[in-house]
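The values are calculated or read from the model by the stated rules, or taken from the named source; none is laboratory data. No experiment lies behind these values; they were computed from the predicted model shown. Here the Cβ is made from the backbone with ideal geometry for all residues, glycine too, and neighbour counts use every protein chain on show.
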Ligand code: NAD
Ligand code: ZN
């Protein structure tokens, strides 16, 4: 079968002919229909220091996908050939304390599809049946293809009560854009989004942000004054940029709550005085809740959440280089590829 493989320990990704995955007990083989390119795939493409530490060359990458059940392994119940599914990209151990308590998103033994095991940028992918998420007929495949990052946005945005609150989102990447939409959808008052990329800020505004701020040429503190608020009640950090995080700490209201999704560089300096003297709550966010986040995402789309506004490009997989170039340039929301 055809697959995008991280063959060489250098920048790039290569389309190759590879053997079909073999499924074991409790696994399902999926015929992939559509995939989406994640920031993580771009890290692997660029072969940054994280990828060099994490990825073994020869790996089929990719974890954002939708497809149809093609083969069912021994022990699997509840699925039939042809069912349309997406899947949770984190494979958990199932036997640690957190897994057994129903907190699988906190499993310390998590491995990643397309990171630690062969992924979905391929004609077929093998996944544990317990990771599958059935997609209702009303949801088009090009949206189901990126439920994984939609789930990051949803897990983060739904961590704290947003009803009537003033919300700051730093970073208008695909996840920040979707989070802006969710914040508005669930009833936040002001939804302010920052970035340094005007194209992406426009997407955030289209999705539901009530105010967008290019911090390269506008001060967030001035925007807070202009809005006649004392500061933000809830912050969603979705840039991974230390300056953005410090902007957030400076503009939070006392007692505010911050959900941290963006991956800050190690050793990033933060102003602890702001955290302590304002009595802020900081909550790290990883992945998605299994499977409560998936449930909420599905229901939000079925009740009118405009997820399609985050989808800016649909391409054929043979055109994958263009997809990675768009991601690298930040000239896109979600990029979905047809297989
Ligand atoms: P992305 O890189 O596409 O978006 C980040 C955005 O931040 C970019 O648009 C960039 O222009 C913007 N930015 C840069 N400097 C800024 C500043 N000073 N102020 C405001 N914005 C600034 O990333 P994404 O795919 O949307 O993901 C968002 C973040 O979440 C990334 O850091 C990613 O690594 C991380 N992530 C975490 C998890 C998790 O489970 N914790 C999962 C997926 C992604
Ligand atoms: Zn576990």
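What's the number of the condition residue 16 fails, among (1) touching a strand residue (DSSP E or B) at 6+ places or on another chain (Cβ under 7 Å); (2) in contact (Cβ under 8 Å) with a residue 40 or more places away in the chain; (3) surrounded by fewer than 16 Cβ atoms within 10 Å (Cβ to Cβ)? (2) is the only condition that residue 16 fails. Out of curiosity, is residue 76 closer than 18 Å to residue 339 by Cα and away from ligand 1 (no atom under 15 Å from the Cβ)? When the stated conditions are applied, residue 76 does not pass them.
I want to confirm something. Restricting to the stretch 173-197 and keeping residues that are near ligand 1 (Cβ under 10 Å from one of its atoms) and free of Cβ contacts under 8 Å to residues at least 40 places away in the same chain, which single residue is farthest from the chain's Cα centre (by Cα)?
Looking at the filtered set, the residue picked out is 196.
Just for the stretch 280-308: of the residues that are away from ligand 2 (no atom under 16 Å from the Cβ) and part of a loop (DSSP other than H, G, I, E, B), which one is surrounded by the most Cβ atoms within 10 Å (Cβ to Cβ)? Here the residue is 305.
Condition check: in the same structural domain as residue 120 (by TED's automatic domain parsing), without any contact (Cβ under 8 Å) to a residue 24 or more places away in the chain, closer than 23 Å to residue 2 by Cα and surrounded by fewer than 20 Cβ atoms within 10 Å (Cβ to Cβ). Does residue 82 satisfy that?
Considered against the rule, which asks whether it is in the same structural domain as residue 120 (by TED's automatic domain parsing), without any contact (Cβ under 8 Å) to a residue 24 or more places away in the chain, closer than 23 Å to residue 2 by Cα and surrounded by fewer than 20 Cβ atoms within 10 Å (Cβ to Cβ), residue 82 comes out as yes.
Is it the case that residue 57 is exposed (fewer than 15 other Cβ atoms within 10 Å of the Cβ) and in contact with a strand residue (DSSP E or B) (Cβ under 7 Å, 6 or more places away or on another chain)? Considered against the rule, which asks whether it is exposed (fewer than 15 other Cβ atoms within 10 Å of the Cβ) and in contact with a strand residue (DSSP E or B) (Cβ under 7 Å, 6 or more places away or on another chain), residue 57 comes out as yes.
Residue check: residue 277 meets all listed conditions (1) without any contact (Cβ under 8 Å) to a residue 40 or more places away in the chain; (2) surrounded by 13 or more Cβ atoms within 10 Å (Cβ to Cβ); (3) more than 16 Å from ligand 1 (Cβ to nearest atom) but one, namely (2). Determine whether the stretch 102-109 contains at least one residue that is surrounded by fewer than 19 Cβ atoms within 10 Å (Cβ to Cβ), modelled with pLDDT of 95 or more, assigned to a strand (DSSP E or B) and within 15 Å of ligand 1 (Cβ to nearest atom). Scanning the stretch 102-109 turns up no residue that is surrounded by fewer than 19 Cβ atoms within 10 Å (Cβ to Cβ), modelled with pLDDT of 95 or more, assigned to a strand (DSSP E or B) and within 15 Å of ligand 1 (Cβ to nearest atom). May I ask you to say which residue of 264, 311 is within 16 Å of ligand 1 (Cβ to nearest atom), crowded, with 16+ Cβ neighbours inside 10 Å and modelled with pLDDT under 95? That would be 264, the only listed residue that is within 16 Å of ligand 1 (Cβ to nearest atom), crowded, with 16+ Cβ neighbours inside 10 Å and modelled with pLDDT under 95.
For beta carbons closer than 7 Å, sequence separation of 6+ or different chains, a first residue in the stretch 317-337 that is at positive phi and a second that is assigned to a helix (DSSP H, G or I), the qualifying pairs are 330/200.
Only residues that are free of Cβ contacts under 8 Å to residues at least 60 places away in the same chain and within 7 Å of ligand 2 (Cβ to nearest atom) were counted across the stretch 86-117, and they come to 9.
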